[in-house]
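Notes follow once the structure below has been shown.
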Amino acid sequence: MLQDLVQSERPQFLTTYTRSPKILRMVNQVSSELYPVDDTAELRILASAMPFAKAHEGDFYHVNRYSDYKDGLFADGDPASEPFRKNGLPLKEQFGGLMDARNALIIAARVRR
């Protein structure tokens, strides 16, 4: 679905908020650079300009994005407990702001041409 959107709309960049490594992998499939995995100045600026962006330990988060949910949004387990890459660190250990289940990581990607 994302690939179809990218083909039809042809954006230069994609941004979103997430706790899920599956979302990072999906966006990574259509991108040449993915912040904060790839820390480029242009993508960092784009992430910092997202609504509600707050810096934490060098990365950007939407703090309390899931504030209505004491333990976060996910009842069946926090997706941030899974790694982005096979055999990697869990996402919430790789990006410390995700230790709070109410926070979402801001990602920005340069779409592959």
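None of the figures in this text is laboratory data; all of them are computed from the coordinates on show. If you're wondering where the values come from, they're calculated on a predicted model, not measured in any experiment. Virtual Cβ from ideal backbone geometry, glycine too; neighbours counted across all protein chains shown.
For the pair Gln3 and Arg85, a Förster radius of 22 Å applied to the C-beta separation gives a FRET efficiency near 0.60, rounded to the nearest 0.05. Extension gain, Phe13-Arg112: 0.36 nm per intervening residue step, less the Cα-Cα distance, totals 34.7 nm. Among Ile106, Ile23, Ile45, which comes first, then next, by fewest other beta-carbon atoms within 10 Å? Ranking Ile106, Ile23, Ile45 by Cβ neighbours within 10 Å, fewest first, gives Ile45, Ile23, Ile106. Report summary: the helix-based calculation at 222 nm, which adds -39500 (n - 2.57) for every DSSP H run with n ≥ 4 and divides by the residues of the chain, gives -6500 deg cm²/dmol.
When the Cα gyration tensor is reduced to axis lengths a ≥ b ≥ c, the ratio a/c is 1.5 or higher for segment 16-111, and with a/b not above b/c it is classed as oblate. With the contact rule set at Cα under 8 Å and sequence spacing of 6 or more, what percent relative contact order holds for the chain? Across the chain, relative contact order equals 41 percent. Think of each Lys and Arg Cβ as +1 and each Asp and Glu Cβ as -1; about the Cα centre, that makes the dipole of segment 38-113 roughly 340 debye.
Annotation note: GluC sites (Glu not before Pro) in segment 40-113 located in DSSP loop regions with a Cβ neighbour count of at most 10 within 10 Å are Glu57.
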